[in-house]
Structures are given as structure tokens and as C-alpha cells.
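Down below is the structure, laid out as C-alpha cells.
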Amino acid sequence: MKTFYSPKNNPRVIIIQKLYGKFFNNDQHLEFPKHRFKKFIKDIVSGTIERDEILVGEIDKNLGEEFDLKKMDKLFQIILKSATYEILYKPNVSINIIIKEYLNASNFFLDDTQIKYLNALLDSVAKKIRSSNA
């Protein structure tokens with residue numbers, strides 16, 4: 001399932017990197033370098049940061065009580081939050097595309113077993129959110 005292309009060209013990799021940097025350095029001023037998807041990257045990053053509480057609430061509500069987001073790895077939290085943001089606020093993008101793109105981006109950060117777990121989590125959240133908004 002590994003893809004072999006440059007992480008610099010994948011907008012979701014850049015999104016994850018920006019959010020990870022912001023997570024550990026809240027005072028950091030976000031700069032977005034020239035990229036053909038700059039507007040998309042900026043929208044997802046700023047939207048995820050601004051709506052953090054809403055996203056955490058949606059994730060907690062849709063994954064059940066046995067699941068605790070705060071106990072998860074920070075990278076998992078960031079990927080779940082940004083993917084949930086896209087699922088909620090980008091209804092014109094297919095769930096399958098969102099999940100596939102985040103799984104491809106996570107190849108650069110996670111191992112195969114973690115990616116499979118992430119796939120199950122994203123699939124569960126996406127189905128519950130889109131079915132409730134339909």
C-alpha cells in the first residue's frame with residue numbers, strides 16, 4: 001500500500017506537517033510556501049485549528065465512549081482532526097478520496113499496522129458523519 005512519490009507534492013502531507021508544528025508550538029506563525037494547492041492547504045490547516053473543539057466533539061461522538069482521543073498519538077489526532085474537517089466542511093469531496101489521500105499521506109509517518117487502524121477509524125467517523133448529515 002506504500003506509494004512512492006515526493007511528500008512535497010502531496011498537500012495532505014503538508015497539512016499534517018503544518019498542524020503538527022502548530023500543535024507543539026502554538027506561538028508559531030504559520031507560513032504557507034508557494035504550492036499549486038496553497039489555498040486548499042491554508043483552508044484545511046486554518047479551519048482545523050479554528051474548529052478544534054467542534055472536531056474533537058464530532059470524533060468523540062462518532063467513535064464511542066471506549067475511544068479516548070486525548071490518549072492517542074499526537075499524529076493520529078492531527079490526521080483524524082484534519083480528515084474530519086474535510087469530511088464535515090468539504091461535502092463536494094468524496095469520503096473515499098479523503099480517506100485514500102490521508103492514508104497515502106500517512107505512509108510517510110506511520111507503519112502499516114497503524115495505517116490499517118487509521119483506515120478503520122476514518123471509515124467509521126466518515127460513515128457516521130455523512131449519514132447524519134445526509
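Relative protection proxy for 103-114, 41-52, 62-73, from highest mean packing down: 41-52, 103-114, 62-73 (other beta-carbon atoms within 10 angstrom). Over 20 Å apart at the Cα level, from the set Lys90/Lys127; Lys22/Lys81; Lys42/Lys81; Lys39/Lys116, are Lys39/Lys116. Across the chain, Cα pairs under 8 Å and at least six residues apart give a relative contact order of 29 percent. What you get for the stretch 8-134, charging only the Cβ of Lys and Arg (+1) and of Asp and Glu (-1), is a dipole of about 620 debye around the Cα centre. When the charge dipole of the chain is built from unit charges on Cβ atoms (+1 for Lys and Arg, -1 for Asp and Glu) and taken about the Cα centre, the candidate among Ser124, Pro91, Leu80 whose Cα reaches farthest toward its positive end is Pro91. Here is what passes the span test in the chain: the DSSP H helices with alpha carbon length of 27 Å or more along the helix axis and a Kyte-Doolittle mean of -0.5 or above are 112-133.
The calculated FRET efficiency for the pair Phe108 and Ile54, based on their C-beta separation and a Förster distance of 25 Å, comes to about 0.35. Summing charges over all other residues whose Cβ lies under 15 Å from the Cβ of Lys39, with Lys and Arg as +1 and Asp and Glu as -1, gives +4.
Each 10 Å bin from 0 upward holds the following percent of the Cα-Cα pairs of the chain: 12, 46, 36, 6, 0.
Read-outs: derived from the displayed coordinates by stated rules, not from any lab. The shown structure was predicted, so the numbers you read here are calculated from the model rather than taken from an experiment. Neighbour counts are summed over all protein chains in view; Cβ atoms, including those assigned to glycine, are modelled from backbone coordinates with ideal geometry.
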